[in-house]
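One structure is given below, encoded as structure tokens.
The values are calculated or read from the model by the stated rules, or taken from the named source; none is laboratory data. Since the structure is predicted, the reported quantities are computational estimates derived from the model, not experimental observations. A quick note on method: Cβ atoms are made from the backbone with ideal geometry, for glycine too, and the neighbour counts reach across all protein chains shown.
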Amino acid sequence: MSQTKNASDALMRIKSENTLSDAPDETLVMQVARGNSAALEALYDRYASRVLGVSLKIIGDQTLAEDILQETFWRVWQSAATFQSQLGPFTGWLFRIARNLAIDAYRRRNVRPQAFTGANGSDPILEAMPDPDMDVAEQAQLSLQSQRMRKALDSLPGVQRQVIEMAYFYGMTRQEIAQATGEALGTIHTRARLALQKLRGELEREEFEG
Amino acid sequence: MYPRIEELLPFYVLDALTEEEKELVEAYLAEHPEGRAQVQDLQSGASALPYTIAPVEPPRQVKESLMRRVTADAQARERSSARASGERSPRGLRFDNLFRVLSLGAATVAILWAFALHSQVTRLQDQISSLNEQVAAQSQSLDELIRNLPQTEQSDIISVSLKSTETQPRALGQLIADPNDQSAMLVISGLPPLEPGKTYQVWLIGNAPVSAGLLTVDENGQSVLIITSEESIGSFTSVGISIEPEGGSGEPTGEIVVLSDL
């Protein structure tokens with residue numbers, strides 16, 4: 001009797017885990033808002049490597065980036081009830097939390113950000129990072145996706161790419177970017193708009209061509 | 001109308017505006033659907049930026065540390081929620097149940113008393129007006145008690161009206177109990193005091209009658225008895241009261257004055 005119950009409990013748990021791992025982000029966030037820690041774990045498994053990648057890109061310090069990763073998901077746990085799906089997808093909200101935390105941490109450290117990109121457009125810090133607990137297949141898929149995205153970004157003219165990277169990854173205002181690049185504010189506005197429009201076009205083309 | 005606001009939109013989707021600029025943009029967007037459409041277009045480009053960065057698999061201990069923190073918080077929330085909802089220990093629950101039983105019992109006593117008082121007033125219509133005022137006051141108390149009844153009935157507590165037999169047709173009573181609990185309250189009226197050497201005995205009846213205690217009524221024929229049982233009250237099918245020799249009997253031997261299904 002007890003063994004049957006244990007087996008039944010185990011089956012229910014596995015079923016629940018499978019259901020969570022397949023659930024849409026928005027469903028999981030709703031579960032998190034109700035205090036379901038397994039739903040948070042599912043979101044973590046889904047996006048932790050992305051969040052750590054972005055945090056590391058901004059802060060340039062593995063230990064700090066890991067702290068930001070944990071803090072990001074802790075905030076998701078605490079604030080899931082405030083997420084509003086009508087304002088955009090969960091990933092936008094998640095990355096915004098991570099990015100803002102990383103930029104704040106970077107500003108507190110008051111050090112220069114890492115180089116925007118290497119000479120060939122690659123990111124030397126990220127390429128040097130070991131992945132000790134890597135799920136090889138999943139990681140390969142994520143890396144492939146990143147390569148396609150990166151390719152789309154790299155297809156932009158350098159001056160346009162630079163503006164949106166300075167704004168997004170380093171939290172620089174348009175005035176700061178204008179000052180840093182020595183360009184007129186109007187030029188910065190134009191470059192940012194063109195960059196985002198072209199990036200969108202590149203991504204659509206990439207998606208279309210598979 | 002806002003010629004320069006549109007220039008801010010790329011930085012709005014990149015989340016790189018000052019708070020003041022952000023407020024300006026949001027005020028603009030609230031009134032300009034074409035602005036919202038532009039933002040949507042630009043957003044699809046900006047939302048791809050995190051994906052241009054190679055993912056970095058975090059060490060296992062980051063997740064473990066996070067989940068320990070989350071689990072502790074979830075447990076704290078549960079404890080807080082339990083306190084808020086008045087959840088208590090099993091012992092506390094038993095006292096709570098008993099308290100609810102007593103509260104409901106007191107309400108029933110008042111109801112029965114009010115009924116008795118009301119019938120007395122009916123029989124003695126020519127009595128002084130102060131008695132009517134008393135009845136009115138009691139009726140008001142009864143109303144208050146009835147209004148309060150739903151609050152005390154949020155639990156599983158049941159109240160069973162007891163039926164008299166032909167032997168004592170004026171007997172009137174209530175049994176208030178949580179079927180899952182082993183205690184109950186019996187409130188009775190309309191039973192005449194017995195001659196010396198005799199007593200009322202309450203029986204809980206399942207497969208066989210089990211004595212639930214001896215009952216002594218006052219000069220008005222009223223009594224309240226707290227019943228305790230080895231089994232939960234819900235495991236019995238009936239409740240009865242019989243007249244037994246002083247000290248009670250092992251099983252009903254005398255007249256049955258009350259018998260009701262639970």
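Could you please give the count of residues in the stretch B:1-13 that are within 13 Å of another protein chain (Cβ to nearest Cβ) and either part of a loop (DSSP other than H, G, I, E, B) or touching a strand residue (DSSP E or B) at 6+ places or on another chain (Cβ under 8 Å) (or both)? Working first, answer last.
Pass one, the stretch B:1-13, residues within 13 Å of another protein chain (Cβ to nearest Cβ): B:3-13.
Filter once more, keeping what is either part of a loop (DSSP other than H, G, I, E, B) or touching a strand residue (DSSP E or B) at 6+ places or on another chain (Cβ under 8 Å) (or both): B:3-4.
Residues that pass the stated criteria total 2.
Okay, residues lined up against (1) within 22 Å of the chain's Cα centre (by Cα); (2) part of a helix (DSSP H, G or I); (3) buried (at least 20 other Cβ atoms within 10 Å of the Cβ):
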residue	(1), (2), (3)
A:Val163	yes, yes, yes
A:Met166	yes, yes, yes
A:Met172	yes, no, yes
A:Glu176	no, yes, no
A:Gln179	no, yes, no
A:Gly186	no, yes, no
A:Arg191	no, yes, yes
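Yes/no matrix, rows are residues, columns are (1) in a helix (DSSP H, G or I); (2) among the small types (Gly, Ala, Ser); (3) in contact (Cβ under 8 Å) with a residue 12 or more places away in the chain:
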position	(1), (2), (3)
A:Gln31	yes, no, no
A:Gln86	yes, no, no
A:Phe95	yes, no, yes
A:Ala98	yes, yes, yes
A:Leu101	yes, no, yes
Checklist entry - Of everything in the stretch B:206-243 that's more than 21 Å from B:Ile157 (Cα to Cα) and of a type in the set (D, E, K, R), which residue is surrounded by the fewest Cβ atoms within 10 Å (Cβ to Cβ)? => result B:Glu219
Checklist entry - Where residues in the stretch B:54-85 are more than 32 Å from the chain's Cα centre (by Cα) and more than 7 Å from chain A (Cβ to nearest Cβ), which of them is nearest to A:Leu43 (Cα to Cα)? => result B:Glu64
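Output the strands (runs of 3 or more DSSP E) that fall wholly within the stretch B:109-202 and possess 1 or more residues being modelled with pLDDT under 75 and touching a helix residue (DSSP H, G or I) at 6+ places or on another chain (Cβ under 7 Å), or say none. Walk me through how you get there before you give the answer.
Working: elements: B:158-162, B:172-177, B:183-189.
Those strands (runs of 3 or more DSSP E) do not exist here; none qualify.
In the stretch B:244-260, which residues are surrounded by fewer than 20 Cβ atoms within 10 Å (Cβ to Cβ), part of a strand (DSSP E or B) and without any contact (Cβ under 8 Å) to a residue 60 or more places away in the chain? Give the derivation first.
In the first step, residues of the stretch B:244-260 are kept if they are surrounded by fewer than 20 Cβ atoms within 10 Å (Cβ to Cβ); the result is B:245-256, B:259-260.
Subsequent filtering for residues that are part of a strand (DSSP E or B) retains B:245, B:256, B:259-260.
Listed by number, the list holds a single entry, B:Pro245.
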Item to check | Conditions (1) closer than 19 Å to B:Leu9 by Cβ; (2) at pLDDT below 85; (3) aliphatic (A, V, I, L, M); number of the one not met by A:Ala140 | outcome: (1)
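Keeping to the stretch A:84-96, report how many residues are surrounded by fewer than 19 Cβ atoms within 10 Å (Cβ to Cβ) and more than 8 Å from chain B (Cβ to nearest Cβ). Walk me through how you get there before you give the answer.
Taking the stretch A:84-96 and keeping what is surrounded by fewer than 19 Cβ atoms within 10 Å (Cβ to Cβ), we get A:84-89, A:91-92, A:96.
Among the residues that remain, those that are also more than 8 Å from chain B (Cβ to nearest Cβ) are: A:84-87.
Of the residues in the stretch A:84-96, 4 are surrounded by fewer than 19 Cβ atoms within 10 Å (Cβ to Cβ) and more than 8 Å from chain B (Cβ to nearest Cβ).
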Item to check | Residue in the stretch A:67-82 that is within 13 Å of chain B (Cβ to nearest Cβ) and outside any helix (DSSP H, G or I) present | outcome: no
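How many residues are among the hydroxyl-bearing types (Ser, Thr, Tyr) and closer than 29 Å to A:Ala65 by Cα when one looks only at the stretch A:157-210?
Here is the first cut: in the stretch A:157-210, the residues among the hydroxyl-bearing types (Ser, Thr, Tyr) are A:168, A:170, A:173, A:181, A:187, A:190.
From the residues that got through so far, the ones that are closer than 29 Å to A:Ala65 by Cα too are A:168, A:170, A:173, A:181.
Adding up the residues that qualify gives 4.
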Item to check | Criterion violated by A:Val163 - all others in (1) facing chain B (nearest Cβ under 9 Å); (2) in contact with a Leu (Cβ under 7 Å, 6 or more places away or on another chain); (3) modelled with pLDDT of 90 or more satisfied | outcome: (2)
Next on the checklist: All but one of (1) hydrophobic (A, V, I, L, M, F, W, C); (2) farther than 15 Å from A:Ile103 by Cβ; (3) more than 7 Å from chain B (Cβ to nearest Cβ) hold for A:Ala192; state the number of the condition that does not hold.
Outcome noted: (3)
Checklist outcome for this item: Among (1) at pLDDT 90 or above; (2) in a loop (DSSP other than H, G, I, E, B), A:Asn120 falls short only on (1)
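Residue by residue, here is whether (1) touching a His at 6+ places or on another chain (Cβ under 9 Å); (2) buried (at least 18 other Cβ atoms within 10 Å of the Cβ); (3) more than 11 Å from every other protein chain (Cβ to nearest Cβ) holds:
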{"residue": "B:Asp15", "(1), (2), (3)": "no, no, no"}
{"residue": "B:Thr18", "(1), (2), (3)": "no, no, no"}
{"residue": "B:Glu34", "(1), (2), (3)": "no, no, yes"}
{"residue": "B:Gly45", "(1), (2), (3)": "no, yes, no"}
{"residue": "B:Tyr51", "(1), (2), (3)": "no, yes, no"}
Checklist entry - Any chance the stretch B:230-239 includes a residue that's under 28 Å from the mean Cα position of the chain (by Cα), under 14 Å from B:Leu172 (Cα atoms), modelled with pLDDT of 85 or more and not acidic (Asp, Glu)? => result yes
Item to check | Given (1) of a type in the set (A, V, I, L, M); (2) without any contact (Cβ under 8 Å) to a residue 24 or more places away in the chain; (3) under 22 Å from B:Ser47 (Cβ atoms); (4) buried (at least 16 other Cβ atoms within 10 Å of the Cβ), number of the condition A:Ala39 does not satisfy | outcome: (3)
